[in-house]
1. Could you order the peptides A:96-105, A:122-131 from most to least packed, using the average number of other C-beta atoms within 10 Å per residue?
2. Can you sort B:LEU48, A:LEU194 by how many other beta carbons sit within 10 Å, fewest first?
3. Across peptide A:88-96, what mean number of C-beta atoms from other chains lies inside 10 Å of a residue's C-beta?
4. Taking θ as phi - 60°, what are the ³J(HN,Hα) couplings along region A:17-32 by the Karplus curve (6.51, -1.76, 1.60), each to the nearest whole Hz, with x for Gly and Pro?
5. Where does the longest stretch of chain A lie that holds no trypsin sites (Lys or Arg not before Pro) found in a DSSP loop with 13 or fewer other Cβ atoms within 10 Å?
6. Considering the Cα trace of region B:1-41, what is its radius of gyration and what is Dmax, both in angstroms?
7. Arrange B:LEU89, A:LEU63, B:LEU42 by Cβ neighbour counts within 10 Å, fewest through most, would you?
8. Using helices alone, what [θ] at 222 nm do you get for chain A, with -39,500 (n - 2.57) per DSSP H run of 4 or more residues, divided over all residues and rounded to the nearest 500?
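What follows is calculated from the coordinates using simple rules that are stated; it is not laboratory data. If you're wondering where the values come from, they're calculated on a predicted model, not measured in any experiment. Every residue, glycine among them, receives a Cβ derived from its backbone with ideal geometry; neighbour counts consider all protein chains shown.
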Amino acid sequence: MRAGFIASLALVPSVFVYGTVFGGLAVQSGLWPLEVWAMSLLVFAGASQFVAVPMIAAGAPVLAVVVTTYVINMRHYLMAATLAPSFRGFRRPWLALIAHLINDESFAVASARSRPPDAGVYLGSAAAISGSFVVGVVVGTLLGGLVDRPERYGLDFAFPAVFLSLVAVQLRRRSDWLIAIGAAALAVALALVLPGNWHILIAGLAASLVGALILPVDEEDAPV
Amino acid sequence: MRTYVWVTIVGMAVATYLTRAPMFVALASRPLPPRVRLWLRLVPLAVLPALAIPMVLVHDGRLALGLAHPPLWGAVVVFVLAACRVNLLASVTAAVAVVALLRAVG
């Protein structure tokens, strides 16, 4: 467990900052600190929280926010399936609790160290990552309340900026670019004709499904 | 109490838990089919641009493609910085600063 904790220390500053940015922006968008803390503890999935905040601020239907959250977090199925065999022998109540801590960073740390991932390394990493995220969010909500008239400082642009930076670091193959550009083009076209936020889900699901059907399956996607 | 916000948060929490717990608690030993794995990997890659690009390019229900549109330049800045592995806070701050600056002069 110590090994996982120590291996994750390098990620602690960026996860902390990520949490701080989220907390600050969420408060700026009109959420109350208590709501932001509750969301971070109960949902604990940064990208989907970033997506939800402007939707909530705009008063989007509950169903739209929940379905969008679900789709963005579907990648957890992949991580849960890869991690599960390492946790044989754990009691069910513990498994139910540990499942809540599944996150991209700890998954990356644990699966980079061994295949199959080691349960202890994973738990140590999850402790470091969840702790720094939540503390970051709390600090962010406290700082975020200090700025007024956020659009004057371009802060309304911070949401798309975060999303674009999350995409930029994931684009490794030429096919990744095609999927991302296709999804963006379709979303823009749909946004011009559809009301609300449905263009996000429709374009996101359509582009990813087309990609999954026509792209060759390579090593990284093969079973571990 | 702001019921709408809390109902949304609880809904998000349940939806997210449903992506984490079922396979994990069942100790699923059979790996997912490769095409499903590929699809799950592609979903965030498609959803994030579908979310971000309309926020940048669509303004009041119309396409805003002019070079005088500050978010366009902000998007270019954050994308290039992040692609060069500059950290999140620095790239987002730079992009926000560019947008604020262009708005101030424009």
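1. A:122-131, A:96-105
2. A:LEU194, B:LEU48
3. Counting Cβ atoms of other protein chains within 10 Å of each residue's Cβ and averaging gives 2.
4. Each residue's phi maps through the Karplus curve to give 5, 4, x, 5, 4, 4, x, x, 5, 5, 5, 4, 7, x, 6, 7 Hz.
5. Within chain A, the longest run free of exposed trypsin sites (Lys or Arg not before Pro) spans A:1-87.
6. In order Rg, Dmax, the Cα atoms of region B:1-41 give 14.9, 46 Å.
7. If I rank by nearby Cβ atoms, fewest first, I get A:LEU63, B:LEU89, B:LEU42.
8. -22500 deg cm²/dmol
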